[in-house]
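The values are calculated or read from the model by the stated rules, or taken from the named source; none is laboratory data. Only a predicted model underlies this, so the values are computations on that prediction, with no experimental measurement involved. Every residue, glycine as well, gets a Cβ built from its backbone with ideal geometry; the counts of neighbours run over all protein chains shown.
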Amino acid sequence: MQYFIYTTCGTSTFTNPARKDPELNDLIIKNSNARNEDELLPGAKEKIDAHYDSLIEEWQNYSIADARAKSAELNSLLSWQEKNKIPASECLCFLLHTDTVLGANAASLVEEWLTHHGYMSVQLQKIDSLSTSSLENFEKGLASLAEWAFANIPSPEQRSSNEKYVFNVAGGFKSVSGFMQILGQFLADETIYLFEGHSEILSMPHLPVRWEEIETIRQNFNDYRRVSLGIPPKNPERLNSLWVRNGQFTPWGQIAWESAKQELYGEKVHTFVCDLVREGEKFRKSVEGLDAFRKKIVNERIDDLCAFFLSGKVKNIRRLDYKLVKGNHPWSNECDAWADGSAMRLFCNEKGNGVVVECLGNALH
């Protein structure tokens, strides 16, 4: 069995030790929402780096009891691993941290201890825009978290029988933990947290949740899809105001969209909604007969292609791999559709500042 554990990670492992030094503590508070070194106040980087270096040295020598006492994230994670007798080789932990220097440092301390002591493999995952600098940024961060989760965690129907997905919500901001519990009802096999003040694990199993508002999204599908791509909707007054605000998804709208998209993208290959990406004459014929899973992939790849051209050809993510066609062919460019089974590509011709998707076809080998 392979376990994927998604752990919300706060900043207390990094910030709490600074309370012993009033000057350092004040400096950390003033820089709590700096997203990178350039946003740190003058002179702050050296002191924050020195604080991090001293903590790394301490953490490497912490026993399991020390680590549990210092970190709610580790206390719950290690309690879960110990209770279920899961070997390190079967665990991959994602530490989900804020879009701040302090969040990255705190998560790095937890990562360092876990890897140094060989408890499990770890990956750090920054959640874009997630900070407490403003309510607007915090909501953007939660929406980013939902988008990332649905994009990177397979739905229960798609995952392998020898995989298990666990949400560990004992650490981090309480509002983020609460949001993760809601996400867990769509994506997690199990959501865990600690019984208050103890090391006993409380577990919430996956429930068969269905977002009933899917019909609302279906009725205005193209405009919700436009919002997901950052394109202004044509009829914003028809969209749920709790889901879309100022042309962007709220955290709840992001969950509604991502959940509904799993089903709606599998129903058919939808009409394109981005003016920069258009259908060729033979495209519809080339996608006839696809099963629901392949239809979903084609729709997702069209979204990726839209995002690529909307970004000025900057956002060429790995699964898209947009590139020139080699050799003498009727297309100028291609991008990946899928690589499993018979590898398929979307073949395109660029026109002006956009592209025409001519057809879905076999990879050119």
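Being in a strand (DSSP E or B) and surrounded by 15 or more Cβ atoms within 10 Å (Cβ to Cβ) is a description that does not apply to MET180.
Taken together, GLY184, GLY141 contain a single residue that is within 16 Å of the chain's Cα centre (by Cα) and farther than 24 Å from SER79 by Cα, which is GLY141. Here is the figure for segment 105-146: residues that are surrounded by fewer than 21 Cβ atoms within 10 Å (Cβ to Cβ), closer than 18 Å to ILE28 by Cβ and either without any contact (Cβ under 8 Å) to a residue 40 or more places away in the chain or β-branched (Val, Ile, Thr) (or both) total 1. Restricting attention to segment 144-166, the residues that are outside any loop (DSSP other than H, G, I, E, B) and more than 13 Å from the chain's Cα centre (by Cα) total 4.
When you look at ASP49, is it closer than 23 Å to SER133 by Cβ and not in a loop (DSSP other than H, G, I, E, B), yes or no? Yes, satisfied.
Within segment 92-145, the only residue that satisfies the criterion of being β-branched (Val, Ile, Thr), touching a strand residue (DSSP E or B) at 6+ places or on another chain (Cβ under 7 Å) and under 26 Å from VAL227 (Cα atoms) is ILE127.
The residues of segment 237-259 that are more than 17 Å from the chain's Cα centre (by Cα), hydrophobic (A, V, I, L, M, F, W, C) and within 12 Å of ASN220 (Cβ to Cβ), listed by number, are LEU239, TRP243, VAL244. Residues of segment 46-68 include at least one that is touching a residue at least 60 places away in the same chain (Cβ under 8 Å), in the same structural domain as GLY171 (by TED's automatic domain parsing) and in contact with a helix residue (DSSP H, G or I) (Cβ under 6 Å, 6 or more places away or on another chain).
Residues that are of a type in the set (Ser, Thr, Tyr), out of contact with any His (no Cβ under 9 Å at 6 or more places or on another chain) and within 25 Å of ALA149 (Cβ to Cβ) within segment 1-49 comprise TYR3, TYR6, THR7, SER12, THR13, SER32, listed in sequence order.
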